[in-house]
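The values are calculated or read from the model by the stated rules, or taken from the named source; none is laboratory data. In this text the structure is predicted, and so the values were computed from the model without any measurement. All Cβ positions, glycine included, derive from the backbone under ideal geometry; neighbour counts span all protein chains shown.
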Amino acid sequence: MAADPKHLARLKAAPVLAGPRAATKTLINTYFDTPEGELAARGVSLRLRQSGAKLLQTLKGPSTARGMALSRSEWEIPAPDGHLVPQAFTDEAQALLAGVDLRRLAPVFSNEVKRWTRTVPLAAGLAVEVAVDQGVTRSADGREEPIAELELELAAGQDRRVLYDLALAVHRAVPLRLEMRTKADRGYALAKGEVAEPKAVKAGPLEFGANDTVEAALAGVVRACVHHMAANEAAVLAGDPSGVHQLRVAVRRLRSALTLFKAILPPAQSAGLKVALKGLADAVGPARAWDVFLEELLTPVSAAMPEQESLGALAVAAQGARGRGHAVARATVSGPGYTELLLTLGRWVDGRCWRDDAPADRLAWLGQPLPPFADAVLTRLRHRAAKRGRHFARLDAPARHGLRIALKKLRYGVDFFRCLYPQKGVRRYLDRLSALQDGLGHLNDVATMDGLIRDLRADLVGAKDTTPAGWDMGAGLVLGWHAAHMAVGEEALCRAVEDFLDADPFWAPVDHWPHPPS
């Protein structure tokens, strides 16, 4: 967890970290790789560490995420004669180095930290090792990046929830920020010159098999959504519209997952998490809405009517609104509430909190095979979409928005479980679903323009701002232009809805929804 360097003294003195006398030592770590970065590409790190007179070499395998906690296989042995000798690792560790020409290894970056450590005893035989690091990472060409962070590791016991409980307690005393990248990840980024260019990250594929259980899928889906959120934090803070979009997608996917698995989740837990996630979505929503307005709604009208000065005035006013929206998004993601939400979600999934006080039949259902559950979930989602899309041509804007939301949940369900099915059928189904979502999404963007313009007018009046003359006339042009174009495409959209809802699913539909009592 990253900390503000000026808060490190407060962090060490925090009452929640009280315990035996702390130890302090200086660590100098040098990381090695081939010129092509073969180890980094495998998620492997190889370092030589100097701690006082002691020299050790350490090999770490790829990170395995568990909630917000990271776990890596690790081998640490003395460095013969103070030099890096990878051949000295065990046969098991050597598998990570197979095929790499070890003669070509060279230093890529190094870090030097002053590490403060203490073991904090907890109840019931549990203890957490606390490490506070302050120092700097240096690339081979001399670039630097500061290090100021807290690491927590179980020293005794098996209950990983205590890591989150302690992290939450520390965060409430001294604000922290989750750092999902290891020191090695950050060092490689520094060496490649990627530190200053945070990029939006899309959701990655999920991998489940026919032998996986419903609980394994629940944990995997939630964990993937949480990491999708965290992966886009830097892009949001950098003001990247795609980062805001992907953060909102991650939140929507997670909220949908809580709905898909609701039959096996304690209602109070699910409801509480949904409320917190909705608060985050609402906070970053205006930034995304104005990004869409400027990039997808105003741009084509301006291109079609380049002589209209009122559209330029509207662009200036809308850019101001977008700036205010992004300021709120940055404040939200950099604020303590966001870190608390991520830690809470990590504790929930890593600690399998849905098992708390669960009746025996619910616990048994968690162990059921995943494929029948996936078939049932997708059948239910498709049924709901079909119900909402009936007589589409006669539906008003709110009802069409309801269909859009139902299709979005169906899309997320397909994304979550697609690995269980033949991919050809999945791709064909997703292609049709994506095209339909695009049409309905544009329809919704146009339908919400009135509200955006009202909000903009209220903001400008409330701020007593000097606005460009004629911006409201430009708003009228944009509204009229899109209304006309939507009328032209109405018939095609109606046919697309009917064709999609009549399409055969790629899964095995079921005529009932099996679930435990809830």
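Some points to look at:
- So A184, is it at pLDDT 95 or above and either within 20 Å of L247 (Cβ to Cβ) or hydrophobic (A, V, I, L, M, F, W, C) (or both): no
- So A263, is it in the same structural domain as L378 (by TED's automatic domain parsing), modelled with pLDDT under 90 and either out of contact with any Gly (no Cβ under 9 Å at 6 or more places or on another chain) or closer than 30 Å to A360 by Cα (or both): yes
- Number of residues in the range 290-301 that are surrounded by fewer than 19 Cβ atoms within 10 Å (Cβ to Cβ) and of a type outside the set (D, E, K, R): the value is 3.
- Considering residues of the range 123-153 that are among the hydrophobic types (A, V, I, L, M, F, W, C) and at pLDDT below 90 only, the residue surrounded by the most Cβ atoms within 10 Å (Cβ to Cβ): A140
- From the list A230, A287, A281, A271, the lone residue that is of a type outside the set (S, T, Y) and within 30 Å of D361 (Cβ to Cβ) is A271.
- Screening the candidates L55, L96, L84 for the property of being buried (at least 17 other Cβ atoms within 10 Å of the Cβ) and within 35 Å of the chain's Cα centre (by Cα) yields one hit, L96.
- Evaluation of R252 against (1) modelled with pLDDT of 95 or more; (2) buried (at least 20 other Cβ atoms within 10 Å of the Cβ) (one fails), failing number: (2)
Per-residue answers, yes or no, for (1) among the aromatic types (F, W, Y); (2) part of a helix (DSSP H, G or I); (3) within 21 Å of A304 (Cα to Cα):
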position	(1), (2), (3)
G474	no, yes, yes
L477	no, yes, yes
H482	no, yes, yes
M486	no, yes, yes
E491	no, yes, no
C494	no, yes, no
V497	no, yes, no
L501	no, yes, no
P505	no, no, no
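- Exactly one residue out of A475, A483 is touching a residue at least 12 places away in the same chain (Cβ under 8 Å), over 34 Å from the mean Cα position of the chain (by Cα) and over 25 Å from F392 (Cβ atoms), and it is A475.
- Flag if A155 is without any contact (Cβ under 8 Å) to a residue 24 or more places away in the chain, within 22 Å of K12 (Cβ to Cβ) and in a strand (DSSP E or B): no
- Residues that are free of Cβ contacts under 8 Å to residues at least 60 places away in the same chain and on the phi < 0 side of the Ramachandran plot, drawn from the range 114-132: L122, A123, L126, A127, V128, E129, A131
- With a requirement of 3 or more residues that are in the same structural domain as V226 (by TED's automatic domain parsing) and over 30 Å from Q437 (Cα atoms), the helices (runs of 4 or more DSSP H) lying completely within the range 332-402 that satisfy it span 336-350, 360-366.
- Of the residues contained in the range 278-285, none is found to be more than 30 Å from V377 (Cα to Cα), of a type in the set (D, E) and not in a loop (DSSP other than H, G, I, E, B).
- Top-ranked residue in the range 338-362 [being among the small types (G, A, S) and touching a residue at least 24 places away in the same chain (Cβ under 8 Å); ranked as surrounded by the most Cβ atoms within 10 Å (Cβ to Cβ)]: G346
- Where a residue in the range 17-45 is under 24 Å from K60 (Cα atoms) and its partner, wherever it lies, is hydroxyl-bearing (S, T, Y) and in a loop (DSSP other than H, G, I, E, B), with Cβ under 9 Å and at least six apart: G43/S63; S45/T182
- Looking only at residues in the range 159-181 that are modelled with pLDDT of 90 or more and among the basic types (K, R), the one that is surrounded by the fewest Cβ atoms within 10 Å (Cβ to Cβ) is R172.
- Across the range 233-261, the number of residues qualifying as in a helix (DSSP H, G or I) and of a type in the set (F, W, Y) comes to 0.
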